[in-house]
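Peer 1: Can you keep this structure in mind? I'll have questions shortly.
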């Protein structure tokens, strides 16, 4: 995906996940602060707004 490459090329750490549950799992394992969340609004099982609210 172009946004992942762009952010990575700019020096950002990008945590790519496949769905909301994966986002929660990966964020729990990440030991630094997450400064930005980009997500789809509608996803299977958990909407992006739910993920954002939990994170």
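Peer 1: Quick check, is residue 6 on the phi < 0 side of the Ramachandran plot and either touching a strand residue (DSSP E or B) at 6+ places or on another chain (Cβ under 8 Å) or in a helix (DSSP H, G or I) (or both)?
Peer 2: yes
Peer 1: Continuing with this model, one more query. Tally up the residues in the stretch 32-54 that are touching a residue at least 24 places away in the same chain (Cβ under 8 Å) and surrounded by 13 or more Cβ atoms within 10 Å (Cβ to Cβ), please.
Peer 2: The qualifying residues number 6.
Okay, residues lined up against (1) more than 12 Å from the chain's Cα centre (by Cα); (2) not in a loop (DSSP other than H, G, I, E, B):
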residue: 12; (1), (2): yes, no
residue: 15; (1), (2): no, no
residue: 21; (1), (2): no, yes
residue: 25; (1), (2): no, yes
residue: 34; (1), (2): no, no
residue: 43; (1), (2): yes, no
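Peer 1: Pull out all pairs, ordered by first then second residue, where Cβ-Cβ is under 9 Å, the residues are six or more apart or on different chains, the first lies in the stretch 17-31 and is surrounded by fewer than 14 Cβ atoms within 10 Å (Cβ to Cβ), and the second is at pLDDT below 95 and in a helix (DSSP H, G or I).
Peer 2: Listed by first residue and then by second, the contacts come to nothing, as the list is empty.
The values are calculated or read from the model by the stated rules, or taken from the named source; none is laboratory data. Being a predicted model, the structure only gives us computed values, none of them experimental. Note that we place each Cβ from the backbone using ideal geometry, even for glycine, and neighbour counts take in every protein chain shown.
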